[in-house]
Amino acid sequence: MLQHSRPAGEFLAGMRAIFPLVVAVIPIGLVFGAVSSTKGLSVLETTLMSALVFAGGSQFVAMDIWTHPASWIGVGFAALLVNIRHVLMSASIGMKMQSFSTIKRYAAVLFLADELWAMAEFRAGNRRLTPVWYAGIVTPFYTAWVGSSLAGALLGVFLGDPAVIGLDFAFPAVFVVLAMGFWKGLAASGITAVAVHHFVPGVWYIAAGALAGLVMAFWNGRVREQAA
């Protein structure tokens, strides 16, 4: 009895932990759906993009540069630059997945998003990260993202410009909250990203900010080692 209730409890604990971010991601999904409809994507195309790509940042960047016909090289390269941070995120969280089998680890990384990575890192800092708990944060978040993208695409005509009703602020607000939980290296990443964004066109500022954060994390680690 206890063996069956414990996984269920772990799954529910994950759902409770991710619930605030599920609420926060719904308006972001609505914005994406509304924006994609203005770019000429069908409801099916929008939904499939969210379900298969599942990367809010790169999806918004793709919409920013979307044309008819779409420049697949340009869209793909922009998505690569935006998502290259996932290499660092995967390396970081992968070291905390000792209880995951190889297959479960690869499956978990496929659903890795900024919010899910942050919650998993918080969890691993206090308790053992388990596949069931991780599934508990992934399932509602993924469902909310795909469902809200679908709703946004359906309601795009009625929503109009997301900026008018303030929905566009949901995206940066979520990342500000997440970033405050990882304040070390935040200043270096932020300053670098802003500087590169000002002087270099394109989305290179994302990779530059990630690299600056990595360098700062490495430096802090070396300082702690020397102090010990």
* Asked: Among Val194, Val215, Val203, which is at negative phi, at pLDDT 80 or above and either among the charged types (D, E, K, R) or not assigned by TED's automatic domain parsing to the domain that holds Ala13 (or both)?
  -> Val194
* To do: Mind listing just one residue for me: the one in segment 93-142 that is among the polar types (S, T, N, Q) and in a helix (DSSP H, G or I) and, of those, farthest from Ile26 (Cα to Cα)?
  => Thr102
* Residue that is surrounded by the most Cβ atoms within 10 Å (Cβ to Cβ), among those in segment 32-53 that are hydrophobic (A, V, I, L, M, F, W, C) and closer than 17 Å to Phe111 by Cβ -> Met49
* Structure fact -> Among Trp66, Trp133, the single one that is among the hydrophobic types (A, V, I, L, M, F, W, C) and modelled with pLDDT under 95 is Trp66
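The values are calculated or read from the model by the stated rules, or taken from the named source; none is laboratory data. Nothing here was measured: the structure is a model prediction, and the numbers come from that model. So basically every Cβ, Gly included, is an ideal-geometry build from the backbone, and we count neighbours across all protein chains shown.
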